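Have a look at the structure below, then the notes.
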Amino acid sequence: MSFDHNNSSSDSQTDDDGGDFGKERLLQGANEDVTFTLLGTSDFPLIECVIQPGCSVCAEPGRMIGMPEGIHFHTITGDGTEAGFLSRMGKAASRMFSGESFFLARFTNDTENPQTMRFGTVVPGTVVPINLADYGGEIIGAGGVYFCGSDGLTVESCFKQRLGAAFFGGENFILQRIAGEGAVLLQGGGVVVKQELTPERPMIRVDTGCLVAFTSNLEYNVALAGGLKSMIFGGEGIFHATISLPRGHQGGFVWIESFPYSKYLSIIKSMYAH
């Protein structure tokens, strides 16, 4: 798989429908079967996906903006299978517990020519392109971060935390494992930054709602935010998430968002209690 992140957002190109968009190529799927490109601005992203003949792309349901004739749409479970109804419901429940929808939407190009689809996010923020092969073939994401990706990936709930973290992890009560060969796009609120953990800097503490994803070799837990006075009056919550590098590992990566959408909604609700 090739990973291409050519920032050409300053070059404006004319869209097929007459619009004027800056384009930034994000990455390609395995065997160049799918190419993802960012249109417009990064804070309100529109993703253009070019699907080669006979190939497919998967996305979170409800993200499709435009679908040309010749694209076949159907639903699958998180592991990509189209099992019987009862089996499908059991597998889909794994995704539901991690904050995702029951099913994934698969779009297959049944024509003999490349076809272009477009997808939009539901959160003002950043789309994070990840080549899974660069991170050992899998990452661990917070609930709701999966946006779209290559066909054949596995998206399922998992527990990477201790029991205490599971109870007090807030938005990240259940995490999700995204694994396989291909590309995945994650969605985060606001700006998403990538932090590297090393033996010299083996741990980072973040707000539980600001975690987007981390590499699977890292450990996830929760810790008290501070003393009693800090927890009550500090405004930073009672618990923080801690992501740490186990002994013997050389490094790992953490993605953090600046604008947790759940917090934004909670502030609006607190102002309009009715």
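The values are calculated or read from the model by the stated rules, or taken from the named source; none is laboratory data. Everything numeric here is computed off the predicted structure, so don't read it as measured data. In case anyone asks, the SASA skips ligands and DNA or RNA and just uses the protein heavy atoms, side chains included. Shrake-Rupley method; radii C 1.70, N 1.55, O 1.52, S 1.80 Å.
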What accessible area, in Å² to the nearest ten, does a 1.4 Å probe give for Phe214? 0
Would you list Tyr272, Tyr264, Tyr135, Tyr220 from the most to the least accessible area, probe 1.4 Å? Tyr272, Tyr264, Tyr135, Tyr220
Accessible area in the full protein assembly, largest first, 1.4 Å probe, for Phe44, Phe119: Phe44, Phe119
For a quick check of understanding: with a 1.4 angstrom probe and all protein chains in place, what accessible area in square angstrom does Met64 have, to the nearest ten? 80
So how exposed is Lys263, as accessible area in Å² (1.4 Å probe, rounded to 10)? 80
